[in-house]
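What follows is a short report on a single structure.
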Amino acid sequence: MARLILLNGMPGVGKSTIARRYAAAHPGTLVCDVDVLRTFIGGWREDFVGAGARIRPAAIGLITGFLRESGDVVLPQLLARVSEVERFERAALDAGAEFVEILLATESTDAVRRFHDRDDGVDPWHSTVRALVAEGGGDASLMAYAEKLGELAEKRPATRIIASVDGDEDGTYAAVLAALGD
């Protein structure tokens, strides 16, 4: 049975890195990174949030089609609202696939530091996201997201919580594999 694997967590916690690593080790797996898809929309930098809202239905269509026809999908995405998680869960179930929800967790102060430290020069949205966070309340807004993710995990008891340790990508990846039964 195909799986939609949601890698949820704070910005900079390693969602995309783990997703790409998983796909590299599991040929045929699609990494559906909504942040990458958002950059395909004209004006995405000026309307980052709106571009994300517009691209999510397309991402759901892509995910559903891929699950039905091809295999597993990994979705590295910060989803802090139950309704957003449920949209992707419904897509998986409608495609006859399993939905696996993993929260890559770290202490909120570590998450804030990792957010500020990340910028590999590859992902074009990092500078845009930094500006949005600064405009939206800075570190306090990041701390609020950390709190929302904690609340989300309480509301969704099937969520597998994996400690994301800075500098230990191998350990985090091994824990994700163990949680998936791989």
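The values are calculated or read from the model by the stated rules, or taken from the named source; none is laboratory data. All values reported here derive from a predicted model rather than from experimental measurement. We place every Cβ from the backbone using ideal geometry, glycine too, and count neighbours over all the protein chains shown.
The lone criterion from (1) free of Cβ contacts under 8 Å to residues at least 12 places away in the same chain; (2) assigned to a helix (DSSP H, G or I) left unmet by Y145 is number (1). Hey, any hits in region 45-56 for a residue that's assigned to a helix (DSSP H, G or I), hydrophobic (A, V, I, L, M, F, W, C) and in contact (Cβ under 8 Å) with a residue 40 or more places away in the chain? Yes - at least one qualifying residue is present in region 45-56.
Residues checked against (1) within 19 Å of R160 (Cβ to Cβ); (2) touching a helix residue (DSSP H, G or I) at 6+ places or on another chain (Cβ under 8 Å); (3) surrounded by 15 or more Cβ atoms within 10 Å (Cβ to Cβ):
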{"position": "V85", "(1), (2), (3)": "yes, yes, yes"}
{"position": "R90", "(1), (2), (3)": "no, no, no"}
{"position": "A97", "(1), (2), (3)": "yes, yes, yes"}
{"position": "E101", "(1), (2), (3)": "yes, yes, yes"}
{"position": "T109", "(1), (2), (3)": "no, no, no"}
{"position": "A134", "(1), (2), (3)": "no, no, no"}
{"position": "D139", "(1), (2), (3)": "no, yes, yes"}
{"position": "M143", "(1), (2), (3)": "no, yes, yes"}
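Those residues that are in contact with a strand residue (DSSP E or B) (Cβ under 9 Å, 6 or more places away or on another chain), surrounded by 15 or more Cβ atoms within 10 Å (Cβ to Cβ) and more than 18 Å from P27 (Cα to Cα), I need them from region 161-178; list them, please. Answer for region 161-178, where residues must be in contact with a strand residue (DSSP E or B) (Cβ under 9 Å, 6 or more places away or on another chain), surrounded by 15 or more Cβ atoms within 10 Å (Cβ to Cβ) and more than 18 Å from P27 (Cα to Cα): I161, I162, S164, T172, A175.
When P11 is tested against the conditions (1) farther than 27 Å from R130 by Cα; (2) modelled with pLDDT under 95; (3) not basic (K, R), the lone failure is (1).
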